[in-house]
1. For the Cα atoms of the chain, what angle does the longest principal axis make with the long axis of helix 316-326, in degrees from 0 to 90, nearest 10?
2. Explain nothing, just the number: relative contact order of the chain, from Cα pairs under 8 Å at least 6 residues apart, as a whole percent.
3. Taking DSSP loops as anything outside H, G, I, E and B, show the longest stretch in the chain free of trypsin sites (Lys or Arg not before Pro) there with at most 12 other beta carbons within 10 Å.
4. Keeping all protein chains in place, calculate the accessible area per residue for the stretch 332-371 (probe 1.4 angstrom), answer in Å².
5. Looking at Thr417, Ala457, Leu429, which one has the Cα that reaches farthest to the positive end of the dipole of the stretch 408-463 (charges on Cβ: Lys, Arg +1; Asp, Glu -1)?
6. Name the residue from Phe62, Gly347, Thr210 whose Cα lies farthest towards the positive end of the charge dipole of the chain, charges +1 on Cβ of Lys and Arg and -1 on Cβ of Asp and Glu.
7. Quick one: length gained pulling Phe361 to Glu265 fully straight, 0.36 nm per residue minus the C-alpha distance?
8. Sort 304-310, 131-137 by the packing proxy (mean of other Cβ within 10 Å over each peptide's residues), most packed first.
Amino acid sequence: MKDLRAWIELLRAEGELAEVTAEVDPHLEITEIADRTMKAGGPALLFRNVRGSSMPVLINQFGTERRMCLALGVGSLEEVRERVAGVFELLQPPKGLGAVLDAATTGFRTLKDSKPRIVSDAPCQEVVMAEPDLDALPIMTCWPDDGGAFITLPSVITRDPVTGGRNVGMYRLQQHSRTTLGLHWQIHKDAAADWREGAGRMEVAVALGTDPVTAYAGSMPLPKHIDELAVAGVLRNERVDLVRCKTVDLEVPANAEIVIEGYAERGELQPEGPFGDHTGYYTPLEPFPVLHVTAITHRRDPIYPSIVVGVPPSEDVWLGKATERIFLPAVQMTLPEVVDYDLPFAGVFHNCCIVAIRKRFPGHARKVMHAIWGTGLLSLTKAVVVVDEWVDVHDYGQVVWQLGANVDPARDVVLSTGPLDQLDHAPNLVAMGGKIGFDATRTWPEEGYPRTWPEVARMTDEVARRVDERWAELGIPVARDAAGAAPAPARGRRGWLPRRGS
Ligand SMILES: Cc1cc2nc3c(=O)[nH]c(=O)nc-3n(C[C@H](O)[C@H](O)[C@H](O)COP(=O)(O)O)c2cc1C
Ligand SMILES: [Mn+2]
């Protein structure tokens, strides 16, 4: 997708867009409308008439699985996982970026040939505001007790002061004044490292309203040395065009609708928040750096993008689900025993991780828990549930069944402590507290189980087949499954069973 406008056209063509011409208030009202629409599975919303600003607001663009797939240009999130699997392979030493896989062999762009390219002339600089004024933007106040108005869907661009490497992060920005913003990069995030590692002034650029993949890329928990924009190039199958900023030494996506340029002074912090967050709770006031705006540029008639987070499920859940799917191959690179994993929406991603493993040695489930607590941003996971390979981690009923049936709390619970997500209000300390792991796999004799672990009760294949064949004859009014072959209840129950021999 070339830019946000091409995306809006696609949404319209796909019947995925509602344009609202009635006047709406960016103070709370848009939240209520967007949240109801999202929770009802409704369309993306383009508010044409927003009180106090001439700019339209696009919201709920990522609000359903279908739109997330449309944004990524795939039929399913599994498909996008397959596309990037080769890319992650390239990150693996000793192959590195110079490896042989290229677009010719994979059919897709790789990181190496997806690096962004610099252009001289960019739509995002069509208009340069004479006096930068954030009040011209329809910045939303999302929830009643929020500390102010927040830019919620930005690409925040910074540079590593040591390596010069670029980072793009989706970090909300609180409007403090007409020319200052709060920079809410949490302590574990890459821009926070850029901030800590340098001295003096740090330049920051913020792109708003890029194509949806570039916007999404800022939310990907990539290793620090990987440029999110190169990954965006892979996912779009087209390089991201960049243009040099007007007042800072950074580049921004040329296709952005709006660009905010500025700097933060190390040492200067200002309270940020409260903010009704994706945990479903308000996050409290905490000190964060301040962005002093030096320029605002934009396209002619710019469109302002926004997102509402709050009590799950909110619009961000599909961004998170895409990340969960895309990163499965990355998890499997260090943990090949992982069959699949699931981060439930209700666990707001960092609270719960369900993982199915091929168990091959005593203590294996514990090894995987500790590995998750030691891997990238997954390390912030509070609860890990490990199940056997045949369990469908996306079927929470099945997971709870296994959890209840297989766990002896005196034996199978691992308690630990470590870093937690900065948004977690449960621990006594900020960003530090307890972890819990549940080993819900079958316990082995080698793990000290002195009894005989029972088998799952199941019918023989022979009898099941016979009943399949005789079902019509029995005349029992039970709905048939999609294939029309056998009654759904039997099929469904069989879906929970381990494969023979496992
Ligand atoms: C809608 C949305 C809003 C987010 N807001 C923040 C935020 O305010 N601060 C933050 O640190 N992370 C936020 N995140 C998560 C980061 O974007 C994510 O952790 C990403 O990996 C950060 O980039 P980094 O790995 O380069 O630091 C948000 C994610 C989404 C989807
Ligand atoms: Mn990063």
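1. Roughly 60 degrees between the two axes.
2. About 14 percent, as a whole number.
3. Between exposed loop sites, the widest span is 179-299.
4. Heavy-atom SASA per residue in the stretch 332-371 reads 37 Å².
5. Of the options given, the answer is Leu429.
6. Gly347
7. On the way: separation 96, 0.36 × 96 = 34.56 nm, distance 5.19 nm.
Length difference between fully extended and current span is 29.4 nm.
8. Going by the mean number of other Cβ atoms within 10 Å, highest first, we get 304-310, 131-137.
The values are calculated or read from the model by the stated rules, or taken from the named source; none is laboratory data. What you see is a predicted model, and the numbers here were worked out from it, not measured in a lab. Positions of Cβ are backbone-derived with ideal geometry, glycine not excepted, and every protein chain shown enters the neighbour counts. The area values use the complete protein model at the heavy-atom level, side chains included, leaving out ligands, DNA and RNA. Shrake-Rupley method; radii C 1.70, N 1.55, O 1.52, S 1.80 Å.
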